[in-house]
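All remarks here apply to the structure that follows.
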Amino acid sequence: MVLVVVFGAALLVAVLLSGLAARTVLSTSLLFLVGGALVSDGFLGLIHITPDSEIVSVTADLALFAVLFTDGMHVSLPTLRAHWKNPARALGLGMPLAFVFMALVTHYLVGLDWTTSFLVGAVLAPTDPVFASAIVGRREVPAKLRQLLNVESGINDGLALPVVLVLIAAAGPTAGSAESSGSTIALELFLGLVFGIALPLIVNGLVRFRLLGAEPKLQPLLPLASGIILYAACHLTHANPYLAAFSAGAVLAHTAPEAKASFEPLGEALAELAKFAALLVFGALLTPQLFGDLSLGGYAAVVLAIVLIRPASLLISLLGTRISRKERLVAAWFGPKGFASVVYGLLVLQSGIPQAQKAFTLIAVCIAFSIIAHSSTDVPIARAFDVDDLAGIPARDDPRPDGAVTRGTAPQPIPKPLAEPLGGS
């Protein structure tokens, strides 16, 4: 119950400060992360959470599923078919490069064996757009950039999971089963994709029956019910829930745009709540002992992962594309490590492989530093694209002729028809 009280208090403070956070480097995500750390055993000792606590894996799993489900709804399938090359480059070249570079840095700076080093690289390869929402979630930001980051982060979680599982099997006492588990992993990915496509289509077909249909006030619950069923079905059948969530969101938005529009406010709010809860719980793991256990080489690897490995990998993958230099740099910087890395890091810790604790320490510190770096720089960089309305709470209210107000600090241009003299052509 103490954890519930702490979460409620942190949520209240986050809401009250959200307007300020949307205009400055203050981050609500960081607030929950720090809040969880303060009430943990490392500081106030109000709650006792360890990496093997069930609440850690459950909250991270739910948050990742919810975020991917809502992110999938932002994907326009016709647009993706027309502009698939950039996301394909990021996934097919940028992600493997980041995976290999991180493995090399981990092996030589941290001293882990090669298999565990590649395992760390696989865990930290996926990116998470939730900590760059001011970039991905704004229509004013160039569509190519939003599409690139959203599709890359939505799909790379599912692509990294089989690599993580195979490397865990190879690094552990059951190393000989790595090859045999490959078919099982492929089946789980396939089932996740099938469930993610089939369930929204089935639900959409049911809605079209003459005797069936959702009352307007209950219509937002239709995608929610689909998501709940999908989450349970994936865990019961061991299908990949993350690939299922992202594909289900994309199919739902394409086949039932009215359901997507009605669910969007509720879905975004639920995803935010799940994200905040997971951040609070993850923050409770960030004790002084955890940071003290990481070597200087480990901290060097963390810094390189954030400021060099991800940016260099994506910039290489985007060579020759028509994306502007500014957009390439922004895409290269926003490679935050999020809930997928939390979930996969916990899999590593619970696997029992020889260097599991050392690997998890590196992963956890890298995720914490990434959250701090990326969640506190999304708004300033978004403003480089002249994005002013970031939170719905104005930094300054300027009256306009139509009675609306402008948001942010930049002056708003007068609409062209009003700027021209009457009778002008």
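The values are calculated or read from the model by the stated rules, or taken from the named source; none is laboratory data. Every value quoted in this text rests on a predicted model; they were computed, and no experiment measured them. FYI the Cβ positions are ideal-geometry reconstructions off the backbone, even for glycines, and counts take in every protein chain you see. Ligands, DNA and RNA are stripped out before the accessible areas are found, and what is left, the full protein with its side chains, is counted by its heavy atoms. Shrake-Rupley method; radii C 1.70, N 1.55, O 1.52, S 1.80 Å.
What about Ser317, is it on the phi < 0 side of the Ramachandran plot and surrounded by fewer than 19 Cβ atoms within 10 Å (Cβ to Cβ)?
no
The conditions are (1) touching a Cys at 6+ places or on another chain (Cβ under 6 Å); (2) open to solvent by 20 Å² or more (accessible area, probe 1.4 Å), and Ala305 fails exactly one of them. Which is it? Answer for Ala305: the failing condition is (2). Taken over the range 331-386, the residue count meeting the criterion of being crowded, with 22+ Cβ neighbours inside 10 Å and in a loop (DSSP other than H, G, I, E, B) is 6. In the condition set (1) hydrophobic (A, V, I, L, M, F, W, C); (2) within 26 Å of Ala261 (Cα to Cα); (3) at pLDDT 80 or above, Leu211 is compliant with all but (3).
Tell me which residues, restricted to the range 1-48, are surrounded by 21 or more Cβ atoms within 10 Å (Cβ to Cβ), at pLDDT 85 or above and not in a helix (DSSP H, G or I). If the condition is that a residue be surrounded by 21 or more Cβ atoms within 10 Å (Cβ to Cβ), at pLDDT 85 or above and not in a helix (DSSP H, G or I), then Val39, Ser40 are the ones that fit.
One residue is enough: does the range 51-65 have a residue meeting the conditions open to solvent by less than 50 Å² (accessible area, probe 1.4 Å), of a type in the set (Val, Ile, Thr), at pLDDT 85 or above and assigned to a loop (DSSP other than H, G, I, E, B)? Checking the range 51-65: not a single residue is open to solvent by less than 50 Å² (accessible area, probe 1.4 Å), of a type in the set (Val, Ile, Thr), at pLDDT 85 or above and assigned to a loop (DSSP other than H, G, I, E, B). For Val75, the stated conditions hold: it is among the β-branched types (Val, Ile, Thr), open to solvent by less than 60 Å² (accessible area, probe 1.4 Å) and under 30 Å from Phe246 (Cα atoms).
Within the range 280-289, is there a residue that is farther than 30 Å from Phe43 by Cα and surrounded by 21 or more Cβ atoms within 10 Å (Cβ to Cβ)?
Step one: of the range 280-289, the residues farther than 30 Å from Phe43 by Cα are none.
No - not one qualifying residue is present in the range 280-289.
The set of residues from the range 113-142 being at pLDDT below 80, more than 18 Å from Ile367 (Cβ to Cβ) and either open to solvent by less than 10 Å² (accessible area, probe 1.4 Å) or touching a helix residue (DSSP H, G or I) at 6+ places or on another chain (Cβ under 7 Å) (or both) comprises Ala134, Ile135, Val136, Arg138, Glu140, Val141, Pro142. Of all the criteria given as (1) more than 27 Å from Phe282 (Cα to Cα); (2) modelled with pLDDT of 85 or more; (3) not in a helix (DSSP H, G or I), the one not satisfied by Val75 is (2).
For the range 226-277, filtering for residues that are polar (S, T, N, Q), out of contact with any helix residue (DSSP H, G or I) (no Cβ under 7 Å at 6 or more places or on another chain) and either within 12 Å of Val67 (Cα to Cα) or crowded, with 21+ Cβ neighbours inside 10 Å (or both) leaves 0.
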